[in-house]
Amino acid sequence: MYSYTTTSNSHPAHRREGSSTSSPYTYTTTSTSSQFTYSTTSASSPYTYSTTSTLNNNEKYRFSVTSDYIKRKINKYDDSDDDDSDDDDNENENENVTSERSTSSGRSSTSKTKDCSICIETYNLKHFIKITNNCIHSNDICRKCVVRHIETQLNTKGDVEGILCPFGNDCGFLIEYNDVQRIVKGNLFERYDSLALKQALSNMPDFRWCKNAGCGSGQIHSGSDKEPIMTCKACGEKSCYTHDIPWHDNLTCEQYNEAKKGEDMATQDLLNRETKKCPKCGVRITKNGGCNHMTCRVQNCRHEFCWLCLADFEPIRRHGNHFHERTCQLYV
């Protein structure tokens, strides 16, 4: 069904009407020479169009469209605003098109990348690895960060058996040899492999390293404590299996123990006579002259105390010598 009505100020007597059943449609317009209003409604394709315009030099108008597929509004005012508005709308349209394309056809491509939880860099999913065979958390750390974590542990601790998964307390599994072999390549793995071998050998109860600093070899000594002299097969240097030191010439192990006790006692006596422990940090300090007001030389300590009674020197400075210990010769 179709109906049509028109009224015009330029021809007020002019009036037209019509009807049709082919496409249900309603149309109404009121117009002057400078302003008009126009609206349509159609049942065949739901659509609404309205515009108000002043046809002057400023070309001010408002335009709005609503349909099942399009929603758009544009406000146009001065010439400078026209360009800005059009540019903004074009940008918005481009963004919408890009968004729709990524949603409809590019979804699989965006899902192939993600951010590393440590370095926050974006990588393809193939760069995210399962760190250990025991890990049950998601693979959110990139290979580069895992390699850097292993290298840092080797540089700071030199312990190949204590490297934990960098995921944190939520994981806590050890990174084992097979894991490192799968993740790390080149010189870093060769270094790790060498340290792992040395550590494994050192954990063997009968293995001893040669005590010759220029050798670096080692061997299993089958004689144990009953035959304490171990001769290196690489350089011929003799060492003591029992004490794990260069061989003590002219002394049996029992004689060495007695001599060591005497040396230890003499050393301890010397330390007690010539040094005192800082009351705050415990580092031994020697006094080579001067007064009894001491200052610990440890940078993070710098504690001040009396050499004779070890009393804190701060209250002594503020209140006087009666803050020394009563047994101190400086107490008054």
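So which of K226, K260, K211 is among the basic types (K, R) and touching a strand residue (DSSP E or B) at 6+ places or on another chain (Cβ under 8 Å)? Reasoning before the result, please.
Numbers: K226 fails: touching a strand residue (DSSP E or B) at 6+ places or on another chain (Cβ under 8 Å); K260 fails: touching a strand residue (DSSP E or B) at 6+ places or on another chain (Cβ under 8 Å).
Within the list K226, K260, K211, the selection yields K211.
If I ask for residues that are loosely packed, with under 14 Cβ neighbours inside 10 Å and modelled with pLDDT of 85 or more, which ones from the range 136-168 would you list?
T152
Could you tell me how many of the residues in the range 247-293 are assigned to a loop (DSSP other than H, G, I, E, B) and of a type in the set (V, I, T)?
Selection size over the range 247-293: 2.
Please pick out the residue among N203, N178 that is within 43 Å of the chain's Cα centre (by Cα), surrounded by fewer than 17 Cβ atoms within 10 Å (Cβ to Cβ) and within 30 Å of S138 (Cβ to Cβ).
Only one candidate qualifies: N178.
Within 44 Å of the chain's Cα centre (by Cα), exposed (fewer than 13 other Cβ atoms within 10 Å of the Cβ) and over 23 Å from A259 (Cα atoms), is that true of G214? Steps first, answer last, please.
Values: within 44 Å of the chain's Cα centre (by Cα): yes; exposed (fewer than 13 other Cβ atoms within 10 Å of the Cβ): yes; over 23 Å from A259 (Cα atoms): yes.
Yes.
Within the range 297-328, how many residues are closer than 15 Å to I285 by Cβ, of a type outside the set (S, T, N, Q) and surrounded by fewer than 12 Cβ atoms within 10 Å (Cβ to Cβ)?
Here the count works out to 1.
I'm checking my understanding of the structure. Among residues of the range 181-196 that are over 24 Å from the mean Cα position of the chain (by Cα) and surrounded by 12 or more Cβ atoms within 10 Å (Cβ to Cβ), which one is nearest to E151 (Cα to Cα)?
My answer is R191.
Is there any pair with a first residue in the range 234-255 that is under 13 Å from C210 (Cα atoms) and a second that is part of a loop (DSSP other than H, G, I, E, B) and of a type in the set (K, R) whose Cβ atoms are under 6 Å apart and which are 6 or more apart or on different chains, and what are they?
Pairs found: S239/K211; P246/K211.
For residues in the range 252-282 being hydrophobic (A, V, I, L, M, F, W, C) and at pLDDT 90 or above, which is nearest to E227 (Cα to Cα)?
If we filter the range 252-282 for residues that are hydrophobic (A, V, I, L, M, F, W, C), which is where we start, we get 253, 259, 265-266, 270-271, 278, 281.
After this cut, where a residue has to be at pLDDT 90 or above as well, the list is 253, 278, 281.
Working: C253: 10, C278: 44, C281: 44 Å.
Among residues in the range 252-282 that are hydrophobic (A, V, I, L, M, F, W, C) and at pLDDT 90 or above, the one nearest to E227 (Cα to Cα) is C253.
For the range 219-246, which positions are basic (K, R) and either assigned to a strand (DSSP E or B) or in contact with a Phe, Trp or Tyr (Cβ under 9 Å, 6 or more places away or on another chain) (or both)? Walk me through it before giving the result.
Here is the first cut: in the range 219-246, the ones basic (K, R) are 226, 233, 238.
The one that is basic (K, R) and either assigned to a strand (DSSP E or B) or in contact with a Phe, Trp or Tyr (Cβ under 9 Å, 6 or more places away or on another chain) (or both): K238.
Looking at N187, N155, N169, N178, can you tell me which residue is without any contact (Cβ under 8 Å) to a residue 60 or more places away in the chain, part of a loop (DSSP other than H, G, I, E, B) and not basic (K, R)?
Details: N187 fails: part of a loop (DSSP other than H, G, I, E, B); N155 fails: part of a loop (DSSP other than H, G, I, E, B); N178 fails: part of a loop (DSSP other than H, G, I, E, B).
Sole residue among the options that is without any contact (Cβ under 8 Å) to a residue 60 or more places away in the chain, part of a loop (DSSP other than H, G, I, E, B) and not basic (K, R): N169.
The values are calculated or read from the model by the stated rules, or taken from the named source; none is laboratory data. The model shown is predicted, which means the values in this text are computed figures rather than measured ones. Note that we place each Cβ from the backbone using ideal geometry, even for glycine, and neighbour counts take in every protein chain shown.
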